[in-house]
1. What is the ratio of the Cα radius of gyration of chain B to 2.2 N^0.38 Å, where N is its residue count, to two decimals?
2. Given a Förster distance of 45 Å, report the FRET efficiency between A:Ser105 and B:Leu191 from their Cβ-Cβ distance, rounded to the nearest 0.05.
3. Given bins 5 angstrom wide, list per bin the percent of all Cα-Cα distances in region B:1-131, short to long.
4. Using the Cα centre of the protein assembly as shown as the reference point, and only Cβ charges (+1 on K/R, -1 on D/E), how large is the resulting charge dipole? Debye, rounded to the nearest 20.
5. State which stretch of chain B is the longest one without any exposed trypsin sites (Lys or Arg not before Pro), exposure meaning a DSSP loop state and at most 16 other Cβ atoms within 10 Å.
6. Return the average number of partner chain Cβ atoms within 10 angstrom of each residue Cβ along peptide B:63-71.
7. Ordered by packing density, taken as the mean number of other Cβ atoms within 10 Å over each peptide's residues, highest first, how do A:34-43, B:17-26 rank?
8. Name the residue farthest towards the positive end of the dipole of chain B from the options B:Leu123, B:Gly217, B:Ile50, assuming +1 on Cβ of Lys and Arg, -1 on Cβ of Asp and Glu, about the Cα centre.
Amino acid sequence: MRSEILILCLIVGAFTWAFRYLPTRMDMSRLPESGPLSRFLSATGPAAIATLFVASALPMLSGGMPLPLLAGTGAVVAIYALSRSVVGATMAGSAAYGAVFWGLSA
Amino acid sequence: MSEASPSTFVQGLVSALPIALGYFPIAFAFGVAATGQGLSPLEAFGLSLIIYAGAAQFLALALITSGAPLLVAAFTLVAMNIRHVLYGPALMKRVGPQARLRHAWAWAFGLTDEVFGAALGALARGRVFSEPFMFGLAAGAYASWLAGTALGAFAGGGALAGWPVLEAALGFMLPALFLALLLSILSRAQLPVIAIAAVATVTVTLAVSGTAGILAGMIAGAVAGVLGFGAPRRGKDAV
């Protein structure tokens, strides 16, 4: 392994670990429930996951073939509504996406 | 699922299953791309082993192959991962003051975007926080990421070229996982936060870059929460 790649890995890995670990040491118990920091942290989860869904799905719109994306998204919503299973909804969404992709390319 | 007893390591592994299924093809693609761009299989595996952050790893490939100076590359990749500082406090806020964190220095290494989302979703569905659960969740995802990278690095370029439908289906695994996780923590009060985050992500991604779009979406949604668009009530307003 080249030394410059190893050094790059160690620097970025150390910072990434610090970003993930050190904030867990913050004492959240004394925050007032309706305070601005509490509201910020409560909104962070939904905002982050919504952002990551949009960011990961957005490139799939650029190819001009949104039907697989629509089918996959619809399957996730439908199966989650029926089963409340994250695993089942994820698998169904992926299968629906692949099935429609296959149908369009056949 | 018991609501009284802390969740176990095995329950964490089970909760990691959709993440593992989503991670594997992406890590495989990373391994293929890394060796295709001149890295050795060991170097590709090293990036996954030590950095363990998908988007940053793909960007690292571009920086390494373009000959970017070490410090410039490091600064760029560190800046890309800074969003992770939000996850620990958000998770601890959800868990409450009873959380025991003796080994957070170890499991927090695996607190990726998806692990954070899955942990939040599990807590929203009644799972009781425990460090063994977090270890299981993080370990399942990490093992999949490493296995995918290793297989991709040794398979070489074009490994999925003969299976376009499978490649497409696996490519949708992560968006599907994010959407399912979003549904699992969804509350009516936070719909405006989600909408604002989505609009900010699209706008800044199209105007600037994907990385800037992710940061903008997270910050815009969280600021919307501060401004009162997402009331922090729990369990009263599930959609």
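What follows draws every value from the coordinates through simple rules; no lab data is involved. Everything numeric here is computed off the predicted structure, so don't read it as measured data. Cβ placement follows ideal geometry from the backbone for every residue including glycine, while neighbour counts extend to all protein chains displayed.
1. Values: Rg = 18.6 Å, N = 239, 2.2 N^0.38 = 17.6 Å.
The reported ratio for this selection is 1.06.
2. On the way: r = 36 Å, r/R0 = 0.79.
FRET efficiency, A:Ser105 to B:Leu191: 0.80.
3. 2, 9, 17, 20, 16, 13, 10, 7, 4, 1, 0
4. On the way: 17 positive and 10 negative charges, 189 e Å.
So the dipole magnitude of the protein assembly as shown works out to roughly 900 debye.
5. Numbers: sites that count: B:Arg100, B:Arg102, B:Arg125, B:Arg233, B:Arg234, B:Lys236.
Excluding the exposed sites themselves, the longest stretch runs over B:126-232.
6. Numbers: counts 1, 4, 0, 0, 0, 1, 1, 6, 3.
Neighbouring Cβ atoms belonging to other protein chains average 2 per residue here.
7. Working: A:34-43: 20.0, B:17-26: 23.3.
Per-residue Cβ counts within 10 Å, averaged per peptide and sorted highest first, yield B:17-26, A:34-43.
8. Result: B:Leu123.
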